[in-house]
Amino acid sequence: MAEPERMLAVLDGVWQPVRGRRRVLGLYWAVVLTLFLMRRNESQAVAGELFGCSQSTVFRIVCRLRPLLRAATAEVAGQVRLQAKRSAVLVDGFLAPTDNRTGVSDLFSGKRHTCGLNIQAVSDLAGRLVDTGLPVPGARHDSKALAESGIADRWASHLEPGGPGMLADLGYLGAGAITGIRKPRGADLTGVQRACNTAINSARAAGPSPTWSTGKSSTPAGADASPTSPKYYAPSPDSKSTEPGLSRRLACRHTRHRCGAGPARRGLGGGGRGHRRLAGRWPR
């Protein structure tokens, strides 16, 4: 048995107590919750609303599982990083919102029209994260942030001519990365140049396409079932009033048609009582 499976198997045996009160989330959804917070950087209160538990429960789960997940994936992460050192990689930057901070300058990003920190991330061609740079002020251009974050030094061999290569967008022109060709002012790109841009952009589209929940159960075989598994409801434009709780309130706030209140206001049928009770924004 591999190390990740062994650690999770050991954890599974002690996750739910034999006696006393059971945990609100089973092991599967507890791992999903931890990965959700690590991936999305949401507040624990928001995660508690989405997963049907309190903020204190989220805190206890994350504190317990994060070190175990790091240890369980350390071997795989090392193999991915070692393989990325010998092959082409992708680099791009994203803005971590911070709001405006007193005494800290250059946080406002004119591109994204908000304050934050520019973080450079490196992944392999499959979209697996292998390295991140030190945060730099959000006003920094990607080409400059690449050097200031330390990524350019750690991956210098990929930026050299004849190296494995580092694919990037046009924001990294002049930084040594492999980018597309910018359209010259007053002229068009040639057919060969457009074909090169298409090939680079196709290679930069790393990882599988995202999948979205449709409200159907996605719990794998053998995983914890109800009542320890939270219910997810993805709002759809043709849904009526079957989305309970937070999902329905959010749906009502974004569009009046998802619970039937919009058509009622225009005399086209549909109910409006549920909408006024949950959202309270669109009276008759």
Practice item. Taking residue 202 as the residue in question, decide whether it is at pLDDT below 55 and loosely packed, with under 11 Cβ neighbours inside 10 Å. Key: no
**Study point:** Selection from the stretch 181-200 of residues that are outside any loop (DSSP other than H, G, I, E, B), of a type in the set (A, V, I, L, M, F, W, C) and within 19 Å of residue 166 (Cα to Cα)
**Key:** 195, 196, 199, 200
Practice item. Please indicate, with yes or no, whether at least one residue in the stretch 137-153 is in contact (Cβ under 8 Å) with a residue 60 or more places away in the chain and over 26 Å from residue 79 (Cα atoms). Key: no
Check your understanding: Which of the residues that make up the stretch 62-110 are in contact with a Ser or Thr (Cβ under 9 Å, 6 or more places away or on another chain) and among the aromatic types (Phe, Trp, Tyr)?
Key -> 108
Practice item. Return yes or no: is residue 35 touching a Cys at 6+ places or on another chain (Cβ under 7 Å) and at pLDDT below 95? Key: no
Practice item. Would you check if there is a residue in the stretch 182-194 being over 28 Å from residue 77 (Cα atoms) and touching a helix residue (DSSP H, G or I) at 6+ places or on another chain (Cβ under 6 Å)? Key: yes
Check your understanding: In the stretch 143-170, which residues are open to solvent by less than 20 Å² (accessible area, probe 1.4 Å) and either in contact with a His (Cβ under 7 Å, 6 or more places away or on another chain) or among the charged types (D, E, K, R) (or both)?
Key -> 165, 166
Check your understanding: Limited to the stretch 50-78, what total is found for residues that are open to solvent by less than 60 Å² (accessible area, probe 1.4 Å) and part of a loop (DSSP other than H, G, I, E, B)?
Key -> 3
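The values are calculated or read from the model by the stated rules, or taken from the named source; none is laboratory data. Bear in mind the structure is a predicted one, so any value in this text is a computation, not a measurement. Please note: Cβ atoms are built from the backbone with ideal geometry, for glycine as well, and neighbour counts cover all protein chains shown. These area figures cover heavy atoms from the full protein model, side chains too; ligands, DNA and RNA do not enter into them. Shrake-Rupley method; radii C 1.70, N 1.55, O 1.52, S 1.80 Å.
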